Amino acid sequence: MATLPAEARWDRTVRYPDPAIEVLDPAFARLRLFNAEVEQLWTGARWSEGPVWFGDMRSVFWSDIPNDRILRWDEASGRVHVFRRNANFPNGNTRDREGRLITCEHDARRVTRTEHDGRITVLAERFEGKRLNSPNDAVVAADGAVWFTDPPWGINGVYEGTTRSDPELPTNVYRLDPASGALAVVAGDVRNPNGLAFSPDQRRLFLMNGGADPRQILVYDVTENGTRLGNRRVFYQCQAGDTPDGFRCDTEGNLWCGWGMGEGKDGVLVLNTDGKPVLRIHLPERCANLCFGGARRNRLFMAASKGLYSVYVGAQGAGLG
């Protein structure tokens, strides 16, 4: 497996506390560690998405969509390897309850699972006989169900896939039942849903509304024993130019959101449980998605445009992936 060199270094002198980590609400100043800085771990992608932490391998896996590959950063060596080439233009990744990689594939228009022996199992590619659009982001619930979004962005052109196609289905959010393998629409009322994340107790689901202008982060109650959604409402109303993407919760219920777009906005915005901005992490490029990792789940990994960044924070990630 070839090692990919970092094509550039993001070297800078930082005085603690790192000025790239901006406290917006003093009540949440604890989320910023005074002696931790934002680090660029690697650069050389075209568009980074979907980081997921594998603690047993001490690695972050993430997608470089236009280059049609899944990359792996190794914590022990600091090196980046190509985990999979010709990966069907992968986007979001997460991990299931048995530690297997779940991937949303744009070009094949499906959701797959990488088995422990390397085989690839197709979990979902059709609903009611019609092809999915281009699965974007996924999370796995405590019962093993895979929830994923299905906007059309991966089939809108050939930069993040090989063919342009018209959607066959609405832009739904689906739940894949772990026992039967059946797909069910859990949200069909959002045009172009994107990132999604469960609250720590999995009683709520956060969802990025990519069809709203300005964009919105919605929240639903998870109902019927974790199989349905209800009581849709706006959790955070973006301003013009705000571009949230994917997100994850910490154990306190704060929502850590990949953000853009433009100077002063690129990076991560943290929202408390009331939807109030409390912390911002500034990056030199737009952050699409993020995940918590490290031995104590207190290291935030950020897939941002061409690179992979990290910072230790005063919070711990909730759940998997």
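Is at least one residue of the range 85-97 free of Cβ contacts under 8 Å to residues at least 24 places away in the same chain and among the aliphatic types (A, V, I, L, M)? No: zero hits.
Okay, residues lined up against (1) over 20 Å from residue 94 (Cα atoms); (2) aromatic (Phe, Trp, Tyr):
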site	(1), (2)
148	no, yes
155	yes, no
159	yes, yes
163	yes, no
169	yes, no
175	no, no
184	no, no
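When the residues of the range 295-314 are filtered to those that are more than 14 Å from the chain's Cα centre (by Cα), small (Gly, Ala, Ser) and open to solvent by 10 Å² or more (accessible area, probe 1.4 Å), which remaining residue is farthest from residue 16 (Cα to Cα)? So, considering only residues that are more than 14 Å from the chain's Cα centre (by Cα), small (Gly, Ala, Ser) and open to solvent by 10 Å² or more (accessible area, probe 1.4 Å), the one farthest from residue 16 (Cα to Cα) is 295. Screening residue 113 with (1) closer than 16 Å to residue 140 by Cα; (2) among the basic types (Lys, Arg); (3) over 18 Å from the mean Cα position of the chain (by Cα) gives one miss only, at (3).
Kindly evaluate residue 292 against the criterion of being out of contact with any helix residue (DSSP H, G or I) (no Cβ under 8 Å at 6 or more places or on another chain), open to solvent by less than 30 Å² (accessible area, probe 1.4 Å), over 26 Å from residue 90 (Cα atoms) and in a strand (DSSP E or B). So residue 292 does not fit the description; no. For the range 121-176, a tally of residues being open to solvent by less than 10 Å² (accessible area, probe 1.4 Å) and charged (D, E, K, R) returns 2. Among the criteria (1) more than 28 Å from residue 202 (Cα to Cα); (2) touching an Asp or Glu at 6+ places or on another chain (Cβ under 6 Å); (3) open to solvent by less than 10 Å² (accessible area, probe 1.4 Å), the one residue 80 does not fulfil is (2). From the list 250, 274, 242, 221, the one residue that fits, being of a type outside the set (Lys, Arg), touching a residue at least 60 places away in the same chain (Cβ under 8 Å) and either surrounded by fewer than 24 Cβ atoms within 10 Å (Cβ to Cβ) or in contact with a Ser or Thr (Cβ under 7 Å, 6 or more places away or on another chain) (or both), is 250. Which one is least open to solvent (accessible area, probe 1.4 Å), of the residues in the range 177-193 that are touching a strand residue (DSSP E or B) at 6+ places or on another chain (Cβ under 8 Å) and of a type in the set (Gly, Ala, Ser)? Step by step, filter the range 177-193, then rank; the result is 187. Cβ-Cβ distances below 7 Å connect the following pairs, each with a first residue in the range 225-238 that is touching a residue at least 60 places away in the same chain (Cβ under 8 Å) and more than 17 Å from residue 255 (Cβ to Cβ), a second residue that is of a type outside the set (Asp, Glu) and part of a loop (DSSP other than H, G, I, E, B), and a separation of six or more residues or different chains: 226/141; 226/202. When the range 17-60 is filtered for residues that are open to solvent by less than 20 Å² (accessible area, probe 1.4 Å), β-branched (Val, Ile, Thr) and more than 28 Å from residue 106 (Cα to Cα), the ones remaining, listed by number, are 21, 38. Take the conditions (1) of a type outside the set (Val, Ile, Thr); (2) open to solvent by 60 Å² or more (accessible area, probe 1.4 Å); (3) within 18 Å of the chain's Cα centre (by Cα); residue 216 misses just one of them, which is (2).
The values are calculated or read from the model by the stated rules, or taken from the named source; none is laboratory data. Not measured: the values here are computed from a predicted model. Ideal geometry is used to build each Cβ from the backbone, glycine not excepted, and the neighbour counts take in all protein chains shown. For accessibility, only protein heavy atoms count, side chains too; no ligands or nucleic acids. Shrake-Rupley method; radii C 1.70, N 1.55, O 1.52, S 1.80 Å.
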